[in-house]
Amino acid sequence: MIQFINAETADSAYKNLYKLGGAAAWIVVALTLGEIIGFTFYPQPSTVSDWFTLFQSNKIIGLFGFWGLEIPMYAMFIMVFLALYIVLRKTNPGLMAIALAFALLGIGIFFATNNPFSMLSLSNQYAAATTDAQRSTLLAAGQAVLANTGQRAVGGFNVGLLLVSVAGLIVSSIMFQSQTFSRTTAYVGILAHALSLADCLRQALTSSEIITLLVILPSALLLMTWYVLVGRRLYRLGQIEGKMLHRQA
């Protein structure tokens, strides 16, 4: 009996993390929706010079267009996957540790290879350049930044997204073994992250815009649905654990 109470108290100690994870999941949904709307109205440039022009005409749109919204999004992933690890670690500690490792590694790679402020700085230097030699050097530097981002829009391979998608797929599969999350949440998560991984395969095999839309749009909708469901459940768990902690006090 004492061991049971201690275990419940230990879980209750994570109530704030559950709530933060739930709120972070909802923020991910809002940022994803904002990114979809932004890319619809402001398509991304395809060349370095066009990116420089965009940054000079509107710095805010330039930062957002250069995957700027994904910076806070990937930061939110940290809290979501940490909360999911705490919730599901008892169900399958080995796989959850692997999932968390994949997620954190993917997030780290994203932050190491995506910096819209570097492109903004180069754009400002390009605008102030007075010689063709300076402009050529800055264009080459801008091309290096584009290549380093590893994002779909610039023809790269998004390793960070790949690893986070693998983590999400593992977590969703573990949800089937747990009574904490519904089977609907598990099914949606598996479909969403499988489509996200399929997009990585699509990048390697074809550049067809039709196939791209057929993969990306369903993936985005399912991912947003999954994060809504996960966020709601995590926040609810935070409330439940908070009440248990209050009663034991």
*Taking residue 36 as the residue in question, decide whether it is surrounded by fewer than 22 Cβ atoms within 10 Å (Cβ to Cβ) and either polar (S, T, N, Q) or out of contact with any Asp or Glu (no Cβ under 9 Å at 6 or more places or on another chain) (or both).*
yes
*Can you find even one residue in segment 86-101 that is under 15 Å from the mean Cα position of the chain (by Cα) and part of a loop (DSSP other than H, G, I, E, B)?*
no
*Restricting the search to segment 83-101, which residues are surrounded by 19 or more Cβ atoms within 10 Å (Cβ to Cβ) and under 13 Å from residue 164 (Cβ atoms)?*
84, 99, 100
*Residue that is nearest to the chain's Cα centre (by Cα), among those in segment 102-121 that are crowded, with 17+ Cβ neighbours inside 10 Å and among the aliphatic types (A, V, I, L, M)*: 107
_Checking the condition of a type in the set (A, V, I, L, M) and at pLDDT 90 or above, which residue from 147, 127 passes?_
127
*Among (1) surrounded by fewer than 16 Cβ atoms within 10 Å (Cβ to Cβ); (2) at pLDDT below 95, the one test that residue 63 misses*: (1)
_Odd one out for residue 127, checked against (1) farther than 26 Å from residue 61 by Cα; (2) exposed (fewer than 15 other Cβ atoms within 10 Å of the Cβ)_ = (1)
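The values are calculated or read from the model by the stated rules, or taken from the named source; none is laboratory data. Nothing here was measured: the structure is a model prediction, and the numbers come from that model. Note: ideal-geometry Cβ built from the backbone for every residue, glycine included; neighbour counts use all protein chains shown.
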